[in-house]
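Data first, discussion second: the structure below is written as structure tokens.
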Amino acid sequence: MKWFDNYFEQKTRLAAQSTSRRSALTRIGRFLVGTALILPVLPFDRVSREAHAAPKDKRNDDTACEYWRYCALDGWLCTCCGGTISSCPPGTEVSKVTWVGTCHNPNDGRDYLISYNDCCGATSCGRCLCNGNEGERPGYRMGVHNDVNWCMANSNNSYHCTVAAVVGTAESPRAR
Ligand code: ABN
């Protein structure tokens with residue numbers, strides 16, 4: 001193995017002779033200055049994922065379509081029509097049938113089951129029309145379609161607006 005040692009000794013000596021410590025430091029310094037100047041001007045996406053989503057205040061404003069519970073609500077918001085997030089305006093009654101969607105709550109990071117009941121017995125409210133369609137499916141699967149007048153089973157079928165009540169969490173039970 002003498003030839004092996006000799007070979008590497010020779011190579012190491014050559015490398016040491018041709019590269020002084022000063023020149024190595026100069027090259028490292030140039031590299032660092034170069035990256036410090038170039039990196040800040042490269043076209044990175046500086047907008048965070050959070051900023052791409054709906055503005056945070058709107059996701060907690062129940063009169064805005066971006067409110068987190070409205071992810072699958074198609075209709076007029078009852079919160080703009082004299083009702084609340086989960087109760088119908090005076091003079092209307094809650095639909096006997098409904099459809100349930102799943103929305104992500106950005107405040108606690110959990111998914112919730114939301115019942116989108118229509119409020120029936122008065123003409124269309126006409127304020128705050130929203131069209132959320134998360135998890136919605138075509139009309140031939142009515143139970144998972146939101147473009148339906150859920151007042152169909154009430155004595156007065158006129159549709160007024162829609163509420164969005166939390167009816168449970170969407171997480172599967174933990175395996176035991
Ligand atoms: N569920 C809201 C709605 C009512 C009537 C027609 C379409 C959608």
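The values are calculated or read from the model by the stated rules, or taken from the named source; none is laboratory data. Because the structure is a prediction, the values reported are computed rather than measured. Using ideal geometry, Cβ is built from the backbone for each residue, glycine included, and neighbour counts are taken over all protein chains shown. Just so you know, the surface numbers come from the protein's heavy atoms only, side chains and all, with ligands and any DNA or RNA stripped out. Shrake-Rupley method; radii C 1.70, N 1.55, O 1.52, S 1.80 Å.
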Any chance ALA175 is at pLDDT below 95, more than 13 Å from the ligand (Cβ to nearest atom) and not aromatic (Phe, Trp, Tyr):
yes
Over segment 138-157, the set of residues at pLDDT 95 or above and out of contact with any Lys or Arg (no Cβ under 9 Å at 6 or more places or on another chain) is ASN149, SER155, ASN156, ASN157
ARG127 - would you say it is basic (Lys, Arg) and modelled with pLDDT of 95 or more?
yes
Wholly within segment 109-159, strands (runs of 3 or more DSSP E) carrying at least 2 residues that are open to solvent by 80 Å² or more (accessible area, probe 1.4 Å) and within 13 Å of the ligand (Cβ to nearest atom):
129-131
Which residues, taken from segment 56-84, are open to solvent by less than 30 Å² (accessible area, probe 1.4 Å) and assigned to a loop (DSSP other than H, G, I, E, B)?
ALA64, TYR67, CYS71, ALA72, LEU73, CYS81, GLY83
Could you list, in sequence order, the residues of segment 88-108 that are of a type in the set (S, T, N, Q), within 14 Å of the ligand (Cβ to nearest atom) and open to solvent by 30 Å² or more (accessible area, probe 1.4 Å)?
THR98
Near pairs, Cβ below 6 angstrom, 6+ apart or cross-chain, from segment 147-170 (farther than 12 Å from LYS96 by Cβ and among the hydroxyl-bearing types (Ser, Thr, Tyr)) to any residue that is within 9 Å of the ligand (Cβ to nearest atom) and assigned to a strand (DSSP E or B)
TYR159/ASP118; THR162/GLY75; THR162/TYR116; THR162/ASP118
Any residue in segment 18-26 that is open to solvent by 80 Å² or more (accessible area, probe 1.4 Å), polar (S, T, N, Q), at pLDDT 95 or above and on the phi < 0 side of the Ramachandran plot?
no
Residues (under 18 Å from LYS58 (Cβ atoms) and either in contact (Cβ under 8 Å) with a residue 40 or more places away in the chain or not polar (S, T, N, Q) (or both)) located in segment 85-108
ILE85, CYS103, HIS104, PRO106, ASN107, ASP108
